[in-house]
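For reference, the structure discussed in these notes is given below.
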Amino acid sequence: MNFSDLGLSPKVLEAITAAGYTTPTAIQAGAIPHALQRKDVLGLAQTGSGKTAAFVLPMLSMLESGRARARMPRTLILEPTRELAAQVQEAFESLGKNHKLNVALLIGGVSFEPQAAKIDRGADVVIATPGRLLDFFERGRLLMTGIEMLVIDEADRMLDMGFVPDIERICKLLPFTRQTMFFSATMPPEIQRITAQFLHNPVRVETTARGSTVDTIIQQLVKTPHDAKMKREALRQLLRTQTNVKNAIVFANRKTTVALLEKSLKTHGFNAGALHGDMDQSARLKMLTAFRNNEVTYLIASDVAARGLDIPEVSHVFNFDVPIHAEDYVHRIGRTGRAGREGHAFTMVTKEETKYLKAIETLISKEIPWFESGAAVEDTPGLVDVRTSSSRRPRKTERRVAESEVKAVSKSENAPPPKQIEAERSPKKERPARFEQRPENRNRKTDDAPDDDSFHTGNMPAFLTRR
Ligand code: AMP
């Protein structure tokens, strides 16, 4: 199948050639012809499948006729985070460079007025996070009655971040006759409910097996003690045994663990940096640039902060915690082994986490082998064997090592308050329900909710523009 078979306009085909795309990806081949016939599309596709172009290209063709009016955008793309919104804007800049469109990016954390000025001039395309869009609407700065096409991207991530009520509200404000393209990597019941409510006879395009992992990634499991300090020591041991690390992302389930791990690793001489949703935009951008430029070797990250970012050459991924949602595992390890390169993914597993591991193995339809770390671990005095059973009580020397490590971390610059360390030590608090899953937090924006912290995209580096 060629792009010229899909029904796209000559101008769009030209832009595709200029972008260097030769063959449509499966989601593009499946979705574009239907989108051009003005049908609703339900795309089950993940980051990396080419789904952005699957909605940008037909949108460009459609926008060739007609003109935007002041405060009445013609198309709307909803994204869960500022970073993803900025990446879509970049896609418009490259694929739509022959189209002279007015594209407005409405995201939180940056000043309102320059964004409003674009809307006032008449926007062909609005790319928005839900909170900022509703803010515009409520202030009477934008009308939704002229929207001909709506794209809801990364719907399952919207659900994770508590945006479903906002999405429902927005859908009700749009004209009934609009066309909708809806993309999600997974279809939990809440997402199915929304698609049933807001899509009209959608064409379903499913491209990737939900749990498919790339064969170039060597996946391994590491038996790990449950005790938080011993677990950190186990990570350091693991990092020391891996001599071929060019750079690595270390994933943890919680923001507090990310911060603690970064300090702990730095204290122990590792070149580490952190990326989580509580960091402000300039700190995040600085960290990503440093990692990209190999100034930071170990990027300690939370799932939401790292989602969708395209860092092409990551040699290793280490999961300090087993992800609670099996699909997050596929996403995490997909940060390595990109574009046919070899990648390594290690997952540290405590006895308590084996149930999450089972769910992952079911999802990816394979058993992940256990890593045998070799003599280096056993021979290092005073250190904990990463293969130590979690049920064994630590020896006195191990406890002493662990205690001194906590002190070192506590004393280190910007050390977390003792309470935080305590929280990580307590077995009861070790695996709390995910923030947004606790009853009191349903519908609340979490981690890097787009509208609470600033992420200025004016100087967005190129690597943030691709997934
Ligand atoms: P996405 O899944 O939309 O984030 O796209 C992932 C990456 O694939 C981006 O860097 C796109 O520029 C690239 N891409 C999208 N479509 C194609 C294509 N047909 N051929 C080659 N690369 C593509």
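The values are calculated or read from the model by the stated rules, or taken from the named source; none is laboratory data. What you see is a predicted model, and the numbers here were worked out from it, not measured in a lab. Because the Cβ atoms are built from the backbone with ideal geometry, glycine has one as well, and the counts that use them run over all protein chains shown.
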If I filter the range 269-288 for residues that are in the same structural domain as VAL314 (by TED's automatic domain parsing), on the phi > 0 side of the Ramachandran plot and at pLDDT 90 or above, do I get at least one hit? yes
Could you tell me whether LYS263 is at pLDDT 95 or above, of a type in the set (Lys, Arg) and more than 12 Å from ALA345 (Cα to Cα)? yes
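Can you tell me how many residues within the range 47-58 are more than 22 Å from ASP156 (Cβ to Cβ) and in contact with a strand residue (DSSP E or B) (Cβ under 9 Å, 6 or more places away or on another chain)?
Going through the range 47-58, the residues more than 22 Å from ASP156 (Cβ to Cβ) turn out to be 57-58.
Applying the additional criterion that residues be in contact with a strand residue (DSSP E or B) (Cβ under 9 Å, 6 or more places away or on another chain) yields 58.
Final tally of qualifying residues: 1.
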Of residues in the range 43-65 being more than 16 Å from the ligand (Cβ to nearest atom) and without any contact (Cβ under 8 Å) to a residue 60 or more places away in the chain, the one farthest from THR213 (Cα to Cα): SER65
Just to be sure before I move on: is ASN244 in a loop (DSSP other than H, G, I, E, B), within 25 Å of ALA45 (Cα to Cα) and in contact (Cβ under 8 Å) with a residue 60 or more places away in the chain in the structure I sent? no
Against the conditions (1) more than 9 Å from the ligand (Cβ to nearest atom); (2) small (Gly, Ala, Ser); (3) farther than 29 Å from VAL164 by Cβ, where does ALA31 fall short? Just the number, please. (3)
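Can you confirm whether the range 259-269 contains a residue that is under 25 Å from ALA85 (Cα atoms), charged (D, E, K, R) and out of contact with any Phe, Trp or Tyr (no Cβ under 9 Å at 6 or more places or on another chain)?
Taking the range 259-269 first, the residues under 25 Å from ALA85 (Cα atoms) are none.
No, because not a single residue in the range 259-269 is under 25 Å from ALA85 (Cα atoms), charged (D, E, K, R) and out of contact with any Phe, Trp or Tyr (no Cβ under 9 Å at 6 or more places or on another chain).
Table: residues versus (1) loosely packed, with under 15 Cβ neighbours inside 10 Å; (2) out of contact with any helix residue (DSSP H, G or I) (no Cβ under 8 Å at 6 or more places or on another chain); (3) in the same structural domain as LYS366 (by TED's automatic domain parsing); (4) part of a helix (DSSP H, G or I).
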residue	(1), (2), (3), (4)
ILE170	no, no, no, yes
PHE176	yes, yes, no, no
PHE182	no, no, no, no
GLN192	yes, yes, no, yes
ALA196	yes, yes, no, yes
MET230	no, no, yes, yes
GLN237	no, no, yes, yes
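Condition check ((1) in contact (Cβ under 8 Å) with a residue 40 or more places away in the chain; (2) polar (S, T, N, Q)) across all residues:
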residue: PHE137; (1), (2): no, no
residue: THR145; (1), (2): yes, yes
residue: LEU150; (1), (2): yes, no
residue: ASP153; (1), (2): yes, no
residue: PHE163; (1), (2): yes, no
residue: ASP166; (1), (2): no, no
residue: PRO175; (1), (2): no, no
residue: ALA185; (1), (2): yes, no
Mind checking whether some residue in the range 96-104 is within 27 Å of LEU6 (Cα to Cα), among the polar types (S, T, N, Q), surrounded by fewer than 20 Cβ atoms within 10 Å (Cβ to Cβ) and modelled with pLDDT of 95 or more? yes
